[in-house]
Amino acid sequence: MTPPPAAGPTDDVDVLVIGAGPAGLTAATYLARFRRRVLVADGGAPRACWIPVSHNLPGFPQGISGEAIVRRMTEQALEFDALIEPGRVEALERDGEGFRAQLNGREVRARAVLLATGVIDHHPDLPGVERAIERALVRICPICDGYEAIDKAVAIIGRDDGGVREAAFLRTYSDRVTLIHVGPAEALTEEDELRRMGVELIRAPIDNVSLEGDRVTALSWGGTFRIFDLVYSALGTAPNAELARALDARTGENGCMIVDARQATSVPGLYAAGDVVRGLNQIAVAGAEAAIAATAIHNVLREADGWTVA
Ligand SMILES: Cc1cc2nc3c(=O)[nH]c(=O)nc-3n(C[C@H](O)[C@H](O)[C@H](O)COP(=O)(O)OP(=O)(O)OC[C@H]3O[C@@H](n4cnc5c(N)ncnc54)[C@H](O)[C@@H]3O)c2cc1C
């Protein structure tokens, strides 16, 4: 037997990684260093690039922007000859023991696939919301940056009891927390809990958001307006799991992938890592899951090739 060949430009790859966010890029580095032919296909605009500055990523005490994280991870994967190609995988099918994917008008065959496709955020439907997210005035993830909300006047936009849970989480950081419930009245069942925690409740659809300097100067509804230091959106996310669903892979209640301890989905040879998997949406988690998946994939392929000892 000869050792496995190093990566090279071919449409027959060992592993197709779908998505070049922190999960896909971590897996690419691991797989390339395992001397696997790995191709990463990426539809662009990873969620990670929305991060203005992350302060909770281990190893970056002064913080680092999402774009810089993705840039560094991309450089690292390329350093070891992973192939990274812009373009969406439009379809994924079984092909014998492996898979066949449609990418940029051609077919790519892979022995294993890692789905690292992330999620889509449901942003509040407000003018200027994208600019506000870039400036960290409208935020998505209190686990990521609740610490930077200490003692601030915080509003949470929610449309169900998810908003109540986010308000409860933010009470660790501030005693000036307001939940603005924009959903149907019956979707909010935990009003007593809000009272108990000292969280103000406003039931109103927001019609505008104004930004000034480093504050959200006003959220307004029907002529009324209030000033907050920052706003959290608790409107949730939708996983990019269509490719896996088309293969009948098992998904959870919210549509996220269900995987085992090695990140394997219910479809043999199909693995998943990062936000698309049920669990905590964090870069550190995406990286850890990708490392586990990449190692599991390499070991399965080694075994298939007779490169293991019983
Ligand atoms: C505003 C904001 C702030 C955040 N702050 C922090 C923080 O401080 N700390 C932290 O740990 N986390 C933070 N997060 C969460 C973090 O961004 C995610 O946990 C992380 O990006 C998940 O990585 P991922 O690789 O799973 O997905 P993503 O980064 O979303 O990457 C997924 C990639 O898959 C691609 N893709 C999807 N479908 C296809 C397809 N069919 N074909 C090809 N490509 C496809 C997409 O185009 C995308 O590039 C924040 C998120 C947001 C929105």
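Quick notes on this structure:
- Residue in region 101-111 that is open to solvent by less than 10 Å² (accessible area, probe 1.4 Å), touching a helix residue (DSSP H, G or I) at 6+ places or on another chain (Cβ under 7 Å), closer than 24 Å to G274 by Cα and assigned to a strand (DSSP E or B) present: no
- Any hit, region 164-184, residues being in contact with a Lys or Arg (Cβ under 6 Å, 6 or more places away or on another chain) and in a helix (DSSP H, G or I): no
- Here E200, E190, E186, E148 are screened, and the one residue that is surrounded by 15 or more Cβ atoms within 10 Å (Cβ to Cβ), among the charged types (D, E, K, R), farther than 20 Å from V53 by Cβ and outside the structural domain of V285 (by TED's automatic domain parsing) is E190.
- The residue pairs whose first member lies in region 173-202 and is on the phi > 0 side of the Ramachandran plot, whose second member is open to solvent by 50 Å² or more (accessible area, probe 1.4 Å), and whose beta carbons are closer than 9 Å, counting only pairs six or more residues apart or on different chains, are G198/R171; G198/D175.
- Scanning region 208-229 for residues that are in a loop (DSSP other than H, G, I, E, B), exposed (fewer than 15 other Cβ atoms within 10 Å of the Cβ) and on the phi < 0 side of the Ramachandran plot yields one hit, D214.
- From D81, D95, residue being among the acidic types (D, E), modelled with pLDDT of 95 or more and at positive phi: D81
- Residue check for G279: without any contact (Cβ under 8 Å) to a residue 24 or more places away in the chain and either under 20 Å from G98 (Cα atoms) or surrounded by 14 or more Cβ atoms within 10 Å (Cβ to Cβ) (or both): yes
- Qualifying residue in region 253-274 (condition: at pLDDT below 95 and in a loop (DSSP other than H, G, I, E, B)): yes
The values are calculated or read from the model by the stated rules, or taken from the named source; none is laboratory data. It should be emphasised that the depicted structure is a prediction, and the values quoted were computed from it without experimental measurement. All Cβ positions, even for glycine, are placed from backbone atoms using ideal geometry, and neighbour counts span all protein chains on display. Quick note on the areas: whole protein, heavy atoms, side chains included, nothing else; ligands and nucleic acids left out. Shrake-Rupley method; radii C 1.70, N 1.55, O 1.52, S 1.80 Å.
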